[in-house]
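The values are calculated or read from the model by the stated rules, or taken from the named source; none is laboratory data. Keep in mind that this is a model prediction, so the values were computed, not measured. Glycine gets a Cβ as well: all are built from the backbone with ideal geometry, and neighbour counts include every protein chain shown.
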């Protein structure tokens with residue numbers, strides 16, 4: 001995270017750090033020789049840091065869990081009121097989340113990297129067995145098979161629109177069927193499809209949990225029901241991630 005922290009320095013100095021460079025909402029001490037004890041203030045970075053370690057499979061499972069949860073059907077009034085009551089702390093929470101996750105696109109890239117790392121051993125096994133080379137040739141063959149017919153029709157019957165349309169339809173069907181066959185043959189889990197608006201909902205869950213941590217760190221008086229509502233989204237994400245971890249072994 002060192003690179004991200006450097007690149008976001010000015011905003012974090014304004015929204016998260018004090019003028020002396022120490023964190024506005026974290027535990028501060030002039031003596032850095034001893035580690036913090038369990039009784040010290042909460043680490044407000046904990047949730048964004050954990051979110052940055054999630055892979056695409058974790059995010060996909062979290063999205064599915066959120067979409068099927070009754071509490072996520074509409075915004076919780078307690079959370080809406082909390083965000084309105086503490087605009088400065090909300091800005092600090094957003095800044096922390098952006099520091100660790102980056103933009104939506106950057107978060108997805110990080111999650112893809114986590115997934116690729118998890119599948120690295122599987123890919124090594126495929127290469128060692130020779131199946132990866134087979135899949136490469138199958139893909140090349142499919143590409144040639146899809147390009148050759150349209151090129152031939154254009155070269156020989158450019159004015160025959162019906163033949164061009166029929167050839168295009170056949171190629172589309174071949175692309176679907178061939179891609180499906182190659183996907184099954186490769187025996188690599190299919191990359192989950194992550195839709196931007198749904199990923200944004202997860203991001204707001206991370207922001208809400210971070211906001212609660214900041215307020216608790218400051219000693220703000222928050223009703224237990226409000227704190228639970230603010231953390232509910234992140235707790236759901238964490239639960240889905242644990243389930244994925246258990247399946248992946």
### Residue that is nearest to the chain's Cα centre (by Cα), among those in segment 168-197 that are crowded, with 16+ Cβ neighbours inside 10 Å and over 30 Å from residue 148 (Cβ atoms)
194
### Summary
Among helices (runs of 4 or more DSSP H) entirely inside segment 130-232, those with 1 or more residues being closer than 25 Å to residue 63 by Cβ are 161-186, 196-218
### Near pairs, Cβ below 9 angstrom, 6+ apart or cross-chain, from segment 236-249 (closer than 15 Å to residue 71 by Cα) to any residue that is not in a helix (DSSP H, G or I)
236/69; 237/54
### Task
With the condition kept exactly as written, say whether any residue in segment 83-91 is under 22 Å from residue 180 (Cβ atoms) and assigned to a helix (DSSP H, G or I).
no
### Task
Confirm whether residue 75 is modelled with pLDDT under 95, outside any helix (DSSP H, G or I) and under 26 Å from the mean Cα position of the chain (by Cα).
yes
### Set 80, 44: member being within 18 Å of residue 204 (Cα to Cα) and either modelled with pLDDT under 95 or part of a loop (DSSP other than H, G, I, E, B) (or both)
44
